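The values are calculated or read from the model by the stated rules, or taken from the named source; none is laboratory data. All values reported here derive from a predicted model rather than from experimental measurement. Using ideal geometry, Cβ is built from the backbone for each residue, glycine included, and neighbour counts are taken over all protein chains shown.
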Amino acid sequence: MKVILTQDVDQVGKAGQVLDVADGFGRNYLVPRGLAMPATTRSIAQVEHRKRVVADQIARELKTAEALKAKLEGVSCKIAREAGEGDRLFGSVTNRDVADALAEEGIQIDHRTIQLETPIKDLGAFDVPVKLAPQVVAKVKVWVVAK
């Protein structure tokens, strides 16, 4: 029996694969649980169409992310904080602070896309990575200055 997997199934295959499985396994296990659907010419065409639509959407998102990356890499933002001796901050600069500083520059970014490993606790210039898409990471120059 030929089936198209609708979900990943351990030791069987990945979603979207067209497989030839035993009749009983397909009819009694995969299809009733919604893990697969019978592979007809119509269902194969639907799966291929869905793959093309998803690929087009990913390509558009990647193009948008590349444009935003070019815009972000041309921007530097300044964050003023109270500092003590040794240029140590009273507190820290987090990804939310960087997102707020970018918003003041006119660029709206979700704070969860800013990839700070640890909060910034010193004065100075820092390159902060911003993950816009799985393959697109922009570097934003952040200046932390004393008030």
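Checked against (1) in contact with a Leu (Cβ under 8 Å, 6 or more places away or on another chain); (2) free of Cβ contacts under 8 Å to residues at least 40 places away in the same chain; (3) hydrophobic (A, V, I, L, M, F, W, C), Ala45 passes all but a single condition, namely (1).
Against the definition (out of contact with any helix residue (DSSP H, G or I) (no Cβ under 7 Å at 6 or more places or on another chain), surrounded by fewer than 13 Cβ atoms within 10 Å (Cβ to Cβ), at pLDDT 90 or above and acidic (Asp, Glu)), how does Asp97 come out, yes or no? Full working, then the answer.
Numbers: out of contact with any helix residue (DSSP H, G or I) (no Cβ under 7 Å at 6 or more places or on another chain): yes; surrounded by fewer than 13 Cβ atoms within 10 Å (Cβ to Cβ): no; at pLDDT 90 or above: yes; acidic (Asp, Glu): yes.
Taking the combined requirement at face value, the residue does not satisfy it.
Pairs meeting the criteria (first residue in the stretch 13-32 and without any contact (Cβ under 8 Å) to a residue 12 or more places away in the chain and of a type in the set (D, E, K, R), second residue surrounded by 14 or more Cβ atoms within 10 Å (Cβ to Cβ) and assigned to a strand (DSSP E or B), beta carbons under 8 Å, at least 6 apart or on different chains) are Lys14/Leu5. Being assigned to a helix (DSSP H, G or I) and either surrounded by 14 or more Cβ atoms within 10 Å (Cβ to Cβ) or modelled with pLDDT under 95 (or both), is that true of even one residue in the stretch 115-137? For the stretch 115-137, residues assigned to a helix (DSSP H, G or I) and either surrounded by 14 or more Cβ atoms within 10 Å (Cβ to Cβ) or modelled with pLDDT under 95 (or both): absent. Taking first residues from the stretch 64-90 that are of a type in the set (Phe, Trp, Tyr) and partners that are surrounded by fewer than 13 Cβ atoms within 10 Å (Cβ to Cβ), the Cβ contacts under 7 Å between residues at least 6 apart in sequence or on separate chains come to Phe90/Glu82; Phe90/Gly84. Exactly one residue among Gly106, Gly91 is at positive phi, assigned to a loop (DSSP other than H, G, I, E, B) and not assigned by TED's automatic domain parsing to the domain that holds Gly16, and that residue is Gly106. Among the criteria (1) surrounded by fewer than 11 Cβ atoms within 10 Å (Cβ to Cβ); (2) touching a helix residue (DSSP H, G or I) at 6+ places or on another chain (Cβ under 6 Å), the one Cys77 does not fulfil is (1).
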